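The values are calculated or read from the model by the stated rules, or taken from the named source; none is laboratory data. Because the structure is predicted, anything quoted here is derived from the model rather than measured. Positions of Cβ are backbone-derived with ideal geometry, glycine not excepted, and every protein chain shown enters the neighbour counts.
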Amino acid sequence: MSKTIILGAGLAGLSAAYHIGYDQCKIFEKNSYAGGHIHTEFTNGFTFDEGPHVSFTKSKYVKELFAQNIDEAFLEYPVKTTNYYKGNWIPHPAQSNLHAVPEPLRTRCLENFLNSREAASHKDKVILNYADWLNAAFGEIFANEFSRKYTEKYWTTHPENLSTNWVGGRIFYPNIKEVSEGFLKPLSQETHYVTEIRYPKEGGYFSYARKWAKKANIHFESELKIISFMNREMVFANGLVKKYDQLISTIPLPILIKSSDAPSNIKEAADNLNCSSVLLVNVMADHPTQRTENWIYVYDEDKFSTRINCTELLSPFNAPINQTGIQVEVYFSFYKPLKNSIDEIKDAVINEIIEMGLLKGKEWIVEVQAKWVQWANIIFDHHREKNLEIIFNWLTSVGLKREADDLEHATNWENKFGKHDSLKGADLILSGRFAQWKYYWTDDCVLRGKWINESING
């Protein structure tokens, strides 16, 4: 039996190799290490992931698999999150914690919310974009002061530019009772969609896949330069030329298409797919953690800082005793290009976390590092589905089999495993967030590998 070729040794690629069988797969990875977006780095006794990766999956299969991969050495605890807004700390999500919003904005948000819900009960409002969704969910005052500003920082574009099919349960849509009670005092129950998380005790988030990486047949420093779908041949930057019978690509879809012999209109469609990039600013300081939350959302539009986590709050083994590793995310994209130098952003971020009380002062800094991550979050703009349709339709001519949900933002795994499309005979398969251009989390990448194996092998 010919081996399956996998492009990319991130979690999606490693899961595919594990489920299909290591002896049946060869992985080609551009970096000198595996892990992709869940890669973990170690410096000065600190452990830093690429953003605050945590596992909150409801999948029993993924939970057990991850636990097995780290010999049950995981931590499990309730998550704590908060928001920073103009010197105020507001429990997350802010829409159900108006009691912490300063007056008179606090009262204006509640009154506008109640009025908007009353108006909505008398007529149906057409939701054309994410801005409409936010206004309907929270009222325009809250939406403009909080949600719009954070959207423009995290998603890097105006909410009018985004569709709504990706929202699902990711953003809490409160009812009148919850907002009214949260206006007076903290609610008795959490309303964030993540309530409890698991994280490896040691070794960072990549520990969940480290055993897979050790067993997989991975060719490192093998970056794809050219792929001929017509000839089933790939050329890598290191000079290696490789033919394939069956290819599973987990690399970003635009890279795959632009490296190929696809027609110009297909490459143009790939160019029009938008994804954010993130600059991670990792600040190591010689003092204990100053707050207890696992991560922080920053609403202030005059700050680069968008989301912040302290690595030692994910696991106490992620930092030296009585020291803190503060990781700050700053996002950019086609819609919001990088205009400042990395050093300028680093300096600004340091001043911001001092202002927020997360860093005692510059004299406490051990080291500051910045890491640019080119592929961060798929941007669900109004062009996404149209461009994917063009690309997927063309790829069927070179071995791709369309799936019923391939334009959806995510995958309903219960339905997928119950009535899955067959990939038998497919010569080209896409897997993972950036390959499928979906809102995938780590459990999705694991389950995709399981589903691929069952679909092609029965």
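Here are a few things to note about the model shown:
- Applying a threshold of 6 Å to beta carbon distances and a minimum spacing of six or more residues, or different chains, the list of pairs starting in region 115-142 at a residue that is in the same structural domain as VAL167 (by TED's automatic domain parsing) and of a type outside the set (A, V, I, L, M, F, W, C) and ending at one that is outside any helix (DSSP H, G or I) and at pLDDT 80 or above reads SER116/GLY139; TYR130/LEU162; TYR130/THR164.
- Any hit, region 152-171, residues being modelled with pLDDT of 95 or more and of a type in the set (Lys, Arg): yes
- Within region 34-59, residues that are farther than 19 Å from GLY432 by Cβ reach partners that are assigned to a loop (DSSP other than H, G, I, E, B) and modelled with pLDDT of 95 or more with beta carbons closer than 7 Å, at six or more positions or on different chains, in the pairs GLY45/ALA319; GLY45/PRO320; PHE46/ALA319; THR47/GLY204.
- SER96 being at negative phi and either aliphatic (A, V, I, L, M) or free of Cβ contacts under 8 Å to residues at least 60 places away in the same chain (or both): no
- Cβ pairs under 6 Å, 6+ apart, first in region 258-279 and more than 23 Å from THR156 (Cβ to Cβ), second part of a strand (DSSP E or B) and modelled with pLDDT of 95 or more: SER259/LEU224; SER259/ILE226; SER259/ILE227; SER260/ILE227; ASP261/SER228
- Here LYS214 qualifies as in the same structural domain as ILE27 (by TED's automatic domain parsing), in a helix (DSSP H, G or I) and surrounded by fewer than 20 Cβ atoms within 10 Å (Cβ to Cβ).
- Sole residue being of a type outside the set (Ser, Thr, Tyr), part of a helix (DSSP H, G or I), at pLDDT 90 or above and touching a Cys at 6+ places or on another chain (Cβ under 7 Å), chosen from PHE142, PHE183: PHE142
Conditions tested, residue by residue: (1) touching an Asp or Glu at 6+ places or on another chain (Cβ under 6 Å); (2) at pLDDT below 95; (3) of a type outside the set (Val, Ile, Thr); (4) surrounded by 14 or more Cβ atoms within 10 Å (Cβ to Cβ).
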position: TYR199; (1), (2), (3), (4): no, no, yes, yes
position: GLY203; (1), (2), (3), (4): no, no, yes, yes
position: ILE227; (1), (2), (3), (4): no, no, no, yes
position: ASN231; (1), (2), (3), (4): no, no, yes, no
position: LYS243; (1), (2), (3), (4): yes, no, yes, no
position: GLN246; (1), (2), (3), (4): yes, no, yes, yes
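Results for (1) surrounded by 21 or more Cβ atoms within 10 Å (Cβ to Cβ); (2) touching a Ser or Thr at 6+ places or on another chain (Cβ under 9 Å); (3) assigned to a strand (DSSP E or B), shown as yes or no for each residue.
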| residue | (1), (2), (3) |
| --- | --- |
| GLY239 | no, no, no |
| HIS287 | no, yes, no |
| LYS303 | no, no, no |
| GLU312 | yes, yes, no |
| ILE321 | no, no, no |
| GLN327 | yes, yes, yes |
| VAL330 | yes, yes, yes |
| PHE334 | no, yes, no |
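- If you go through region 1-34 and pick out every residue that is under 22 Å from the mean Cα position of the chain (by Cα), over 15 Å from LEU256 (Cβ atoms) and surrounded by fewer than 24 Cβ atoms within 10 Å (Cβ to Cβ), you end up with 2.
- Only one entry in TYR61, TYR150, TYR77 is surrounded by fewer than 20 Cβ atoms within 10 Å (Cβ to Cβ), aromatic (Phe, Trp, Tyr) and in a helix (DSSP H, G or I), namely TYR61.
- Only listed residue being farther than 30 Å from LEU423 by Cβ, basic (Lys, Arg) and crowded, with 19+ Cβ neighbours inside 10 Å, chosen from ARG291, ARG307: ARG307
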